[in-house]
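Asks: Sharing a structure, written as structure tokens. Questions coming.
The values are calculated or read from the model by the stated rules, or taken from the named source; none is laboratory data. Note that this is a predicted model, so its numbers are computed, not measured. Heads up, the Cβs are rebuilt from the backbone with ideal geometry, glycines too, and the neighbour counts pull from every protein chain shown. Surface accessibility is based on the protein's heavy atoms, side chains included, excluding ligands, DNA and RNA. Shrake-Rupley method; radii C 1.70, N 1.55, O 1.52, S 1.80 Å.
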Amino acid sequence: MTKTKILCVADGGITRDLMQQMHELEQYNADVTIIEDKEMYAMGPITDRMLLIEHNGVDAAPTCRELLENCADKDILVVHVASINKEIINACKNLKVAAVLRGGYENADVAALTEKNIKLINAPWRSANAVADFTVGMMIAENKNIARSHKLIFEGKWCKKYVNQEYIHDMRAMTAGIIGFGYIGQRVAERLKGFGTKVVVYDPYIDKSKFANSGVEFMELDQLLETADFVSVHLRLSEKTHHFIGAEELQKMKKTAYLINTARSGLVDTAALVTSLRNKDIGGAAIDVYDEEPLPKNHPYLQLNNITLTSHLAGTSCDTMKNSVEIGVEDLKRYLTGKSMLNVRN
């Protein structure tokens, strides 16, 4: 019986050692080869590459030469940040499955894969627990002034009164609005229940009946914006969701409400948010993602006293990369044993 040829591209995020788990697939008549994308040797270049692709599309990134030189006869490609672009797809003669071991799959040309009937899978919840933990942490940090107090103590200042002094509340007295109730949004809601926080949700694309006993309340967007003390965005970035939160949406929020973005910078109109924070139209914000990274030294966020900033850390966890490989292995096992894959995106 002819073996299924699988080519895996390791890098500084999903290392060769982590990718070794793919060899488990060899018990299902597969031949696994692992190469390395040496340009993506560390998380710095990887973050820069993904930001480039997020803003400019898959064709903005260079083709991984090691992948191009080794892909021609492969049935399955497994990558982390290496691009599966038209050049790669056209070089493959037998490709049937492309696996992107990330929460997103911006580094794959979905249209080109679909046109050739090549299935695309990803690892959608690989960082969901990490991001959910971080999101709740950002809510608490902004509401309770944790980061601001830390900074001021290092500056020799002992501050007991902050700009949000009149609306610092216990988490159990607050309402969190979650926009997008996928893997991450659901986990944020689960964590908030432990604080006694009321959770309201806007997501027009899910089957609400599946969450009848979840303890959350579904609302239309305008109602959520008018109700929530925290507005946390957990949408996938697309043409439809670009600047999903803009000036109009910010105006509908409570003057004491906080905007939380640990998802994608493009979901929020940065200029509109700066204006809203500067004018105290909303209570504050906690932001982990930016239109330009690293954040420029002259960025207007740095002139505000009602924002908590972190350096794109939400998905950072020693478990994230390990989860990625495990999710990919399990779906490819399903494929090799004739079962439907769980994370198909086209």
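Asks: Whether any residue in segment 36-55 is touching a residue at least 60 places away in the same chain (Cβ under 8 Å) and of a type in the set (Asp, Glu) is what I want to check.
Replies: Yes, that holds for at least one residue.
Asks: Return the residue satisfying two criteria in turn: it lies in segment 165-210 and is under 25 Å from Gly315 (Cβ atoms) and basic (Lys, Arg), and of such residues it is surrounded by the fewest Cβ atoms within 10 Å (Cβ to Cβ).
Replies: So, considering only residues that are under 25 Å from Gly315 (Cβ atoms) and basic (Lys, Arg), the one surrounded by the fewest Cβ atoms within 10 Å (Cβ to Cβ) is Lys193.
Asks: Can you give me the ranges of the helices (runs of 4 or more DSSP H) entirely in segment 53-118 with at least 2 residues that are closer than 26 Å to Ala42 by Cα and open to solvent by less than 50 Å² (accessible area, probe 1.4 Å)?
Replies: The helices (runs of 4 or more DSSP H) meeting that bar are 65-70, 86-91.
Asks: Let me ask another. Which of the residues spanning segment 221-277 are in contact with a Pro (Cβ under 9 Å, 6 or more places away or on another chain) and closer than 22 Å to Ile206 by Cα?
Replies: Within segment 221-277, just Leu221 meets the criteria.
Asks: Next up: Keeping to segment 314-346, report how many residues are within 10 Å of Ile121 (Cβ to Cβ) and either among the polar types (S, T, N, Q) or in a strand (DSSP E or B) (or both).
Replies: Number of matching residues: 3.
Asks: Let me ask something additional. Tally the residues that are within 27 Å of Arg345 (Cβ to Cβ) and either more than 20 Å from the chain's Cα centre (by Cα) or open to solvent by less than 20 Å² (accessible area, probe 1.4 Å) (or both), restricting the search to segment 251-271.
Replies: The total comes to 8.
Asks: Would you mind finding the one in Tyr290, Tyr335 that is closer than 28 Å to Leu221 by Cβ and not small (Gly, Ala, Ser)?
Replies: Exactly one residue qualifies, and that residue is Tyr290.
Asks: Can you tell me which residue in segment 12-44 is farthest from Ile84 (Cα to Cα), limited to those that are open to solvent by less than 30 Å² (accessible area, probe 1.4 Å) and assigned to a helix (DSSP H, G or I)?
Replies: Leu25
Asks: Would you please name the residue that is farthest from Ile168 (Cα to Cα), looking only at residues in segment 296-311 that are part of a loop (DSSP other than H, G, I, E, B), open to solvent by 50 Å² or more (accessible area, probe 1.4 Å) and touching a residue at least 12 places away in the same chain (Cβ under 8 Å)?
Replies: This residue is Ser311.
Asks: With the requirement that a residue be without any contact (Cβ under 8 Å) to a residue 60 or more places away in the chain, part of a loop (DSSP other than H, G, I, E, B) and of a type outside the set (S, T, N, Q), what does segment 119-161 give you?
Replies: Glu155, Gly156, Lys157, Trp158, Cys159, Lys160, Lys161
Asks: Scan segment 242-250 and tell me whether some residue there is without any contact (Cβ under 8 Å) to a residue 60 or more places away in the chain, out of contact with any strand residue (DSSP E or B) (no Cβ under 6 Å at 6 or more places or on another chain), open to solvent by less than 10 Å² (accessible area, probe 1.4 Å) and farther than 26 Å from Gly104 by Cα.
Replies: Within segment 242-250, one or more residues are without any contact (Cβ under 8 Å) to a residue 60 or more places away in the chain, out of contact with any strand residue (DSSP E or B) (no Cβ under 6 Å at 6 or more places or on another chain), open to solvent by less than 10 Å² (accessible area, probe 1.4 Å) and farther than 26 Å from Gly104 by Cα.
Asks: Mind checking whether some residue in segment 153-162 is open to solvent by less than 40 Å² (accessible area, probe 1.4 Å) and farther than 21 Å from Val200 by Cβ?
Replies: Within segment 153-162 (the criterion being open to solvent by less than 40 Å² (accessible area, probe 1.4 Å) and farther than 21 Å from Val200 by Cβ), the answer is yes, since at least one residue qualifies.
Asks: Using beta carbons and a limit of 8 Å, which pairs, at least six apart or on different chains, have the first residue in segment 266-279 and at negative phi and the second one modelled with pLDDT under 95 and in a helix (DSSP H, G or I)?
Replies: Between residues of segment 266-279 that are at negative phi and residues that are modelled with pLDDT under 95 and in a helix (DSSP H, G or I), the close pairs are Gly266/Glu54; Gly266/His55.
Asks: Restrict the check to segment 66-79 and report whether at least one residue is touching a helix residue (DSSP H, G or I) at 6+ places or on another chain (Cβ under 8 Å), without any contact (Cβ under 8 Å) to a residue 12 or more places away in the chain, of a type outside the set (Gly, Ala, Ser) and closer than 21 Å to Met321 by Cβ.
Replies: Within segment 66-79, none of the residues are touching a helix residue (DSSP H, G or I) at 6+ places or on another chain (Cβ under 8 Å), without any contact (Cβ under 8 Å) to a residue 12 or more places away in the chain, of a type outside the set (Gly, Ala, Ser) and closer than 21 Å to Met321 by Cβ.
Asks: Give me the pairs, please: first residue somewhere in segment 322-346 and closer than 16 Å to Gln27 by Cα and open to solvent by 70 Å² or more (accessible area, probe 1.4 Å), second residue anywhere and in a loop (DSSP other than H, G, I, E, B) and not small (Gly, Ala, Ser), beta-carbon distance under 6 Å, and either six or more positions apart or on two chains.
Replies: Filtered contacts from segment 322-346: Arg334/Met341; Tyr335/Met341.
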